[in-house]
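For reference, the structure is listed below as structure tokens.
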Amino acid sequence: MHTADGGRTWQAEPGQPVLAACFFSARQGAAALYAPGGLTLAYTVDGGSTWSKATPVPGGYGATLTCTPDGGAWAVALGGVGMTQASYTVLRSGDFGRTWAAVLARPTAGGGPAPGNPSGVTPGPGLGPGPLGATDKEHAVMLGSCWACGSGSGTVLLDSTSDGGRSWRRVSSALPGFEQFT
């Protein structure tokens with residue numbers, strides 16, 4: 001969908017189904033496009049009329065995206081789910097979505113391999129992804145949950161990066177107030 005009037009009216013755009021999108025400006029944006037067997041990260045320079053494919057993510061079945069005005073884009077690619085676990089991979093772009101690199105990945109026994117099956121990246125927090133927030137292309141925080149961890153109430157973990165995802169530090173190993181829903 002496309003809007004040129006601040007969201008008052010919307011027009012459908014033909015093309016590949018978009019799972020998630022975010023914009024750096026009115027013309028530049030990033031998207032996760034549906035692709036057979038996974039998803040593809042893409043970018044636009046014309047407000048979303050056309051998308052250029054940048055990076056395939058095999059095994060990614062859903063995604064969330066966050067864009068920052070300085071050209072930073074953060075994607076959480078969602079993988080398989082099972083046994084209260086969900087595999088996921090966090091990818092980052094510092095060039096308005098043209099190139100991407102995995103910066104966190106969490107394969108799980110229940111969800112299988114992390115989307116894209118990256119190697120050599122930091123394990124993501126928790127056995128399921130939570131929200132990711134970013135202020136710019138270097139700084140982000142990621143929540144992860146583990147429903148089966150803890151004393152019957154689960155845990156939520158919080159990791160942060162200040163170097164574009166090259167390193168992550170655990171800010172909190174358990175956040176108060178989290179209760180598992182039954």
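If the condition is being over 12 Å from the mean Cα position of the chain (by Cα), modelled with pLDDT of 90 or more and in a strand (DSSP E or B), then the range 109-145 contributes Gly112, Thr122, Pro123.
Ala148: farther than 30 Å from Ala26 by Cβ and modelled with pLDDT of 90 or more, yes or no? Criteria not met by Ala148. Scoring Asp163 on the criteria (1) modelled with pLDDT of 95 or more; (2) surrounded by fewer than 14 Cβ atoms within 10 Å (Cβ to Cβ); (3) closer than 17 Å to Leu65 by Cα leaves a single failure, condition (3). Only one of the listed residues (Leu78, Leu104, Leu127, Leu41) is in contact with a Ser or Thr (Cβ under 7 Å, 6 or more places away or on another chain), of a type outside the set (S, T, N, Q), farther than 22 Å from Val171 by Cβ and crowded, with 21+ Cβ neighbours inside 10 Å. That residue is Leu41. Within the range 72-107, the set of residues being among the aromatic types (Phe, Trp, Tyr) and over 13 Å from the mean Cα position of the chain (by Cα) comprises just one member, Phe96. Where strands (runs of 3 or more DSSP E) fall entirely within the range 1-99, those with at least 1 residues that are more than 22 Å from Pro131 (Cα to Cα) are at 29-35, 38-44, 52-58.
The values are calculated or read from the model by the stated rules, or taken from the named source; none is laboratory data. Predicted model only: the values in this text are computed from it and were never measured. Backbone-built Cβ (ideal geometry, glycine too); neighbour counts: all protein chains shown.
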